[in-house]
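Dumping the structure here so I can ask a few things about it.
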Amino acid sequence: MTENNTGRTESPYEYSFEYIQKKLEGAKDSFGLLMKEIVRTGICTECATCAAVCPVLEWDDLAGQPKLIGKCTGCGICYNQCPRTITDPYQLIGDFKTGYVANTNIPEVIGGQDGGTVTSLLCYLFDEHLIDAAIVTMRDPNKPWYPTAQIITSKDDAVKSSGSIYSHSQTVEALMDAVRQDFRSIAFVGTPCNIDAVSKMFDSPTGMLKYFMRCHVLKIGLFCMDSFAPEALYPFFEKENIDLSKVVKMDINKGKFHLYYDLQGEPVKSYTIKQLDKFKSSSCNFCTDLTAEHADISIGSVGSGPNKNTVFARTGIGSEIVEDAAKKGYIKIDSFNSINLNSVLFLAKLKKVSQYTVRKRKVFIVRDVEEKEQARIETGPEADQSAVKPPLGTRKFLSVSQDLREQDKILNISLTNTIGYVLEDMKIRIVTVEELFEKKPWITTIREIFPFETVEIGYPLDIPDGQPIIANILVEASTEAFGKIFSRTFKLAPKE
Ligand SMILES: Cc1cc2nc3c(=O)[nH]c(=O)nc-3n(C[C@H](O)[C@H](O)[C@H](O)COP(=O)(O)OP(=O)(O)OC[C@H]3O[C@@H](n4cnc5c(N)ncnc54)[C@H](O)[C@@H]3O)c2cc1C
Ligand code: SF4
Ligand code: SF4
Ligand code: SF4
């Protein structure tokens, strides 16, 4: 701690709002995103704020939605001013005092999921006699990789409990057992939904823990994007010849689920989260809290490098514990500015907006069509129409990139509308070119693609097992209004 010239004590781990602002700058939150997340999903309130703040948007009374009448620059103002979008950092990751990048600094913690910070904090709390019990989740000895919530009372057991199990664990049951067994100061480790259950018990007027007032609970929340139903996921793994009793670690990282037989080695098998989507616990589709917003200390991996944790201290006691544990050599910490906040905010936003996708837009056509159409002619629709036609050849219509999923033999092709106008009825054609012949054509029409909106296409490659991936893939796009707007052959060959 240092004293500044106003006499106020400053922690080296304090953060500033300017920093967050800087991190958010440059995000391409544009009209396309507004249409996709707010208008198409049916949560637009028809306030017309978007049209009011932008010279190239007008309110379309007939459709009950904003309409692009000129060239969109992708500035993102319409998206950011919309009352329905979630763009404020506090809305995305909750309130907190400060944050750190952390990892263990004690030799006992070797099998931590990421940086081993959770386990190291539990070790510190036991050594300092700040807790007499902790609620953790361990692997069930009788059913490999099924979670079992446990009350632990020692540092040794804390070390044994490290590692993540990506399934719901009944941690609150264990907490109530601990309260009944007269433990007075308890550290509780849980996913955001677990933390919410405990918070409700403390905060609601009829809350069980509040009512008995018999213990103090330190809430250590884990970041959580989703969890899986073990009774469905594990039989799938077994069918894929994975021996669960040999698995030493499961890990979700950058959209992939990895299984390891050896902690030092490569994963024995990896799946994209999309591939495992059908095994996801249905509750997680309705969950909007990535970072355990109601915990004292929230800990995850996104936002920090390998073998590190991103930590948010949300309460006074939370930050005191993290900083004292660092001072006493249990963990190493770096300041808030070392967190890659953009990636945390990005994932938090994915989770917040997931609630929108559960409903489809309903449009009621009860307006007076005739009257509105006449009014539109009076405002000079001819001029407006010409404004939406961009001059040909001045700029690229589409930006196209490819990413090869070698294991699945799928070529992911991303097409982004970069022209600033809505492209309508865009025909996409993807083919494999062999000598002079075309094979495996894949053709579709995209009804509309908004400025800076991206569509992704997974094109399956016809390569026999064991053969290197060598192919020429032609991608073409055209619209009725502008003709062919993109044509390029991607040459796939093994890396040297
Ligand atoms: C279901 C689930 C989903 C997650 N998703 C993400 C994510 O999308 N992004 C991200 O950054 N981080 C996610 N995490 C958190 C991440 O996996 C690590 O738990 C976190 O980074 C702490 O790492 P560590 O090395 O400090 O943990 P460790 O020191 O290894 O300690 C892990 C602690 O987690 C507890 N635990 C394990 N499984 C469960 C469970 N099912 N329920 C409750 N407690 C459990 C253990 O008791 C242990 O105390 C998720 C965790 C879980 C359990
Ligand atoms: S600002 Fe948002 S809620 Fe308001 S009309 Fe536009 S899209 Fe709808
Ligand atoms: S220019 Fe595009 S992104 Fe910017 S406010 Fe207008 S419609 Fe939205
Ligand atoms: S995604 Fe939400 S509901 Fe699912 S386990 Fe995580 S915190 Fe709980």
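The values are calculated or read from the model by the stated rules, or taken from the named source; none is laboratory data. From a predicted model like this one, the values you see are computed outputs, not experimental measurements. Neighbour counts are summed over all protein chains in view; Cβ atoms, including those assigned to glycine, are modelled from backbone coordinates with ideal geometry. Note: accessible area is taken over every heavy atom of the protein model, side chains too, but ligands, DNA and RNA are not part of it. Shrake-Rupley method; radii C 1.70, N 1.55, O 1.52, S 1.80 Å.
Condition check: away from ligand 2 (no atom under 12 Å from the Cβ) and surrounded by 16 or more Cβ atoms within 10 Å (Cβ to Cβ). Does CYS72 satisfy that? If you could, list the steps in order and put the result at the bottom.
On the way: away from ligand 2 (no atom under 12 Å from the Cβ): yes; surrounded by 16 or more Cβ atoms within 10 Å (Cβ to Cβ): yes.
Considered against the rule, which asks whether it is away from ligand 2 (no atom under 12 Å from the Cβ) and surrounded by 16 or more Cβ atoms within 10 Å (Cβ to Cβ), CYS72 comes out as yes.
Is at least one residue of segment 250-261 β-branched (Val, Ile, Thr), farther than 22 Å from PRO192 by Cα and open to solvent by less than 70 Å² (accessible area, probe 1.4 Å)?
Keep residues of segment 250-261 that are β-branched (Val, Ile, Thr), which gives 252.
Among the residues that remain, those that are also farther than 22 Å from PRO192 by Cα are: none.
Looking for residues that are β-branched (Val, Ile, Thr), farther than 22 Å from PRO192 by Cα and open to solvent by less than 70 Å² (accessible area, probe 1.4 Å), one finds none in segment 250-261, hence no.
Give me the pairs: first residue in segment 256-280 and in contact (Cβ under 8 Å) with a residue 40 or more places away in the chain, second residue β-branched (Val, Ile, Thr) and in a loop (DSSP other than H, G, I, E, B), beta-carbon distance under 9 Å, and six or more apart or on different chains, which are they?
PHE257/ILE273; LEU263/ILE110; LEU263/VAL248; LYS280/ILE273
Looking only at segment 449-481, count how many residues are surrounded by fewer than 17 Cβ atoms within 10 Å (Cβ to Cβ) and either charged (D, E, K, R) or part of a loop (DSSP other than H, G, I, E, B) (or both).
The qualifying residues number 13.
Could you please let me know if LYS28 is within 15 Å of ASN80 (Cβ to Cβ), open to solvent by 40 Å² or more (accessible area, probe 1.4 Å) and at pLDDT below 90? If you could, list the steps in order and put the result at the bottom.
Details: within 15 Å of ASN80 (Cβ to Cβ): yes; open to solvent by 40 Å² or more (accessible area, probe 1.4 Å): yes; at pLDDT below 90: yes.
Yes.
Out of segment 37-66, which residues are surrounded by fewer than 19 Cβ atoms within 10 Å (Cβ to Cβ) and closer than 16 Å to ASN417 by Cβ?
Of everything in segment 37-66, just one residue is surrounded by fewer than 19 Cβ atoms within 10 Å (Cβ to Cβ) and closer than 16 Å to ASN417 by Cβ, namely ARG40.
Here is a follow-up. Return yes when ILE165 is under 24 Å from ILE273 (Cβ atoms), in contact with a strand residue (DSSP E or B) (Cβ under 7 Å, 6 or more places away or on another chain) and either aliphatic (A, V, I, L, M) or open to solvent by less than 60 Å² (accessible area, probe 1.4 Å) (or both) and no when it is not. It would help to see each step written out before you state the result.
Values: under 24 Å from ILE273 (Cβ atoms): yes; in contact with a strand residue (DSSP E or B) (Cβ under 7 Å, 6 or more places away or on another chain): yes; either aliphatic (A, V, I, L, M) or open to solvent by less than 60 Å² (accessible area, probe 1.4 Å) (or both): yes.
The answer is yes for ILE165.
Looking at segment 87-105, is at least one residue closer than 26 Å to THR416 by Cα, in contact with a Pro (Cβ under 9 Å, 6 or more places away or on another chain), at pLDDT below 90 and within 15 Å of ligand 2 (Cβ to nearest atom)?
No: segment 87-105 contains no residue that is closer than 26 Å to THR416 by Cα, in contact with a Pro (Cβ under 9 Å, 6 or more places away or on another chain), at pLDDT below 90 and within 15 Å of ligand 2 (Cβ to nearest atom).
For residues in segment 142-162 being among the aliphatic types (A, V, I, L, M) and farther than 14 Å from GLY112 by Cα, which is least open to solvent (accessible area, probe 1.4 Å)?
First, pick out the residues of segment 142-162 that are among the aliphatic types (A, V, I, L, M): 149, 151-152, 158-159.
Remaining after also requiring farther than 14 Å from GLY112 by Cα: 149, 151-152.
On the way: ALA149: 29, ILE151: 50, ILE152: 5 Å².
Among them, the one singled out is ILE152.
Does PRO83 qualify as being open to solvent by less than 20 Å² (accessible area, probe 1.4 Å), closer than 23 Å to CYS287 by Cβ and either at pLDDT below 95 or polar (S, T, N, Q) (or both)?
Judged against the criteria, PRO83 is not a match.
Here's something else I'd like to know. Would you check which residues across segment 107-132 are surrounded by fewer than 17 Cβ atoms within 10 Å (Cβ to Cβ) and near ligand 1 (Cβ under 8 Å from one of its atoms) and list them?
GLY111
OK, next. Can you run down the residue pairs with Cβ atoms below 6 Å, 6 or more apart or on separate chains, where the first is in segment 36-53 and within 13 Å of GLY76 (Cα to Cα) and the partner is among the aromatic types (Phe, Trp, Tyr) and away from ligand 1 (no atom under 16 Å from the Cβ)?
From residues that are within 13 Å of GLY76 (Cα to Cα), the pairs are ALA51/TRP59.
Looking at segment 67-91, I want the residues that are within 16 Å of ligand 1 (Cβ to nearest atom) and have a partner that is among the β-branched types (Val, Ile, Thr) and open to solvent by less than 10 Å² (accessible area, probe 1.4 Å) with Cβ atoms under 9 Å, at least 6 apart or on another chain. Which pairs are those?
none
Now a separate question. Looking only at helices (runs of 4 or more DSSP H) that lie completely in segment 32-123, which have at least 3 residues being within 16 Å of ligand 4 (Cβ to nearest atom) and not aliphatic (A, V, I, L, M)? If you could, list the steps in order and put the result at the bottom.
On the way: elements: 49-53, 77-81, 89-93.
In segment 32-123, there are no helices (runs of 4 or more DSSP H) which contain 3 or more residues that are within 16 Å of ligand 4 (Cβ to nearest atom) and not aliphatic (A, V, I, L, M).
Now for a different question. Please find, among ALA187, ALA149, ALA133, ALA197, the residue that is over 29 Å from the mean Cα position of the chain (by Cα) and among the hydrophobic types (A, V, I, L, M, F, W, C).
Selected residue: ALA133, the only one of ALA187, ALA149, ALA133, ALA197 that is over 29 Å from the mean Cα position of the chain (by Cα) and among the hydrophobic types (A, V, I, L, M, F, W, C).
In segment 279-331, which residue that is aliphatic (A, V, I, L, M) and part of a strand (DSSP E or B) is nearest to ligand 1 (Cβ to nearest atom)?
Of all residues in segment 279-331, those aliphatic (A, V, I, L, M) come to 290, 292, 295, 297, 299, 302, 311, 313, 317, 321-322, 325-326, 331.
After this cut, where a residue has to be part of a strand (DSSP E or B) as well, the list is 297, 299, 311, 313, 331.
On the way: ILE297: 10, ILE299: 5, VAL311: 9, ALA313: 14, ILE331: 9 Å.
If we take residues in segment 279-331 being aliphatic (A, V, I, L, M) and part of a strand (DSSP E or B), then ILE299 is nearest to ligand 1 (Cβ to nearest atom).
Go through (1) more than 26 Å from MET35 (Cα to Cα); (2) open to solvent by less than 30 Å² (accessible area, probe 1.4 Å); (3) of a type in the set (A, V, I, L, M, F, W, C) and name the single condition VAL433 misses.
If we test VAL433 against (1) more than 26 Å from MET35 (Cα to Cα); (2) open to solvent by less than 30 Å² (accessible area, probe 1.4 Å); (3) of a type in the set (A, V, I, L, M, F, W, C), just (2) comes out false.
Moving to a separate point now. Look at ASP196 and say whether it is free of Cβ contacts under 8 Å to residues at least 12 places away in the same chain and within 14 Å of ligand 1 (Cβ to nearest atom).
Working: free of Cβ contacts under 8 Å to residues at least 12 places away in the same chain: no; within 14 Å of ligand 1 (Cβ to nearest atom): yes.
Here the answer is no, as ASP196 does not meet what is asked.
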